[in-house]
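Below: the structure, in structure tokens.
The values are calculated or read from the model by the stated rules, or taken from the named source; none is laboratory data. What you see is a predicted model, and the numbers here were worked out from it, not measured in a lab. Backbone-built Cβ (ideal geometry, glycine too); neighbour counts: all protein chains shown. Heavy atoms of the whole protein, side chains included, go into the accessibility calculation; ligands, DNA and RNA do not. Shrake-Rupley method; radii C 1.70, N 1.55, O 1.52, S 1.80 Å.
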Amino acid sequence: METVEVEDRRPEMAWTHLLGRAREQPRRVLACAVAGQLAGLTFLGFLIFVQTAFMHDRPFDWPVRVVAAFLLGERALLDPNGLTYVLGILVNQLLPAFGWSMFYAWIVMSPRFPLRVSTCMTLGFGVGLAAMWFDVYFIVPPGMVVLHDQDFWWLHIPRIWDWAAHIVFGLALGWFFLIFSPRIERTPRYEGTYGRS
């Protein structure tokens, strides 16, 4: 009896075939990376705005200094220079902003993820909460303590504004993805849903 091979048409999930999905959808990965970089700048911009508008006890650039303190220690807070601001922005953009944008890509590359405005924004909101929870409570504290014996981020960024800034980051990530994905992927843009590549 002749054996007939049946093609498996079930979609591969992005979380089990991440590299393959990235090779198949490089433009979507690029769209997420662009969105992540803009969301990272939005995150810093929001904290600088809060520092300027509501916390007058320190300079407006204090959040950038605190990020730079991850590498430079207390010197970034007390005696900042050009390197302080360059490193502060680079650390923010290349570590959390890029890392979480790739996590976002990991999910939106799945063929089972519906690319709609509501789902992309909801996912961004969730990523913002996850970034706050994992980074601020589990990743940054041991890193700061090992390098500098104290957690500058925890000491100098109020938790309420920290949560707010991470939520802003997540929402900005979803919003910028919705803006740039159709342009980078060259797919049709609809009011409530986005076509797949």
Return yes or no: is THR122 of a type in the set (Val, Ile, Thr), closer than 16 Å to ALA31 by Cα and surrounded by fewer than 20 Cβ atoms within 10 Å (Cβ to Cβ)?
-> no
Give the residues of region 140-184 that are over 22 Å from LEU115 (Cα atoms) and charged (D, E, K, R), sorted by residue number.
-> ASP149, ASP151, ARG159, ASP162
GLN25 versus (1) of a type outside the set (A, V, I, L, M, F, W, C); (2) surrounded by 13 or more Cβ atoms within 10 Å (Cβ to Cβ); (3) at pLDDT 95 or above: which is the lone unmet condition?
-> (3)
Within the set of pairs 6+ apart or on separate chains, which have a first residue in region 164-185 that is acidic (Asp, Glu), a second that is outside any helix (DSSP H, G or I) and open to solvent by 10 Å² or more (accessible area, probe 1.4 Å), and C-beta atoms under 7 Å apart?
-> GLU185/SER197
Looking at VAL127, is it under 18 Å from VAL29 (Cα atoms), touching a Phe, Trp or Tyr at 6+ places or on another chain (Cβ under 9 Å) and in contact (Cβ under 8 Å) with a residue 12 or more places away in the chain?
-> yes
Filtering region 17-63 for residues that are under 30 Å from ILE184 (Cβ atoms) and either assigned to a helix (DSSP H, G or I) or of a type in the set (Lys, Arg) (or both) leaves a count of 32
Looking at this structure, is GLY36 surrounded by fewer than 20 Cβ atoms within 10 Å (Cβ to Cβ) and modelled with pLDDT of 95 or more?
-> no
Would you pick out the residues in region 76-92 that are buried (at least 18 other Cβ atoms within 10 Å of the Cβ) and of a type outside the set (Gly, Ala, Ser)?
-> LEU77, PRO80, THR84, LEU87, VAL91, ASN92
Of the criteria (1) within 25 Å of GLY20 (Cα to Cα); (2) modelled with pLDDT of 95 or more; (3) hydroxyl-bearing (Ser, Thr, Tyr), which one SER197 fails | (2)
Which condition does LEU95 not pass, out of (1) open to solvent by less than 20 Å² (accessible area, probe 1.4 Å); (2) within 23 Å of ALA172 (Cα to Cα), if it passes all the others?
-> (1)
hydroxyl-bearing (Ser, Thr, Tyr) and buried (at least 19 other Cβ atoms within 10 Å of the Cβ): does that describe TYR104?
-> yes
Test PHE113 against the criterion of being within 20 Å of the chain's Cα centre (by Cα), open to solvent by 10 Å² or more (accessible area, probe 1.4 Å) and at pLDDT below 95, and give yes or no.
-> yes
Unmet requirement for ALA68, which otherwise passes all of (1) in a loop (DSSP other than H, G, I, E, B); (2) closer than 27 Å to ASP149 by Cα; (3) of a type in the set (Gly, Ala, Ser) | (1)
Quick one: is ARG65 in contact with a Phe, Trp or Tyr (Cβ under 9 Å, 6 or more places away or on another chain), without any contact (Cβ under 8 Å) to a residue 40 or more places away in the chain and either basic (Lys, Arg) or on the phi > 0 side of the Ramachandran plot (or both)?
-> yes
Looking at (1) closer than 19 Å to GLN37 by Cβ; (2) aliphatic (A, V, I, L, M); (3) in contact with a Phe, Trp or Tyr (Cβ under 8 Å, 6 or more places away or on another chain), find the lone condition where MET144 falls short.
-> (1)
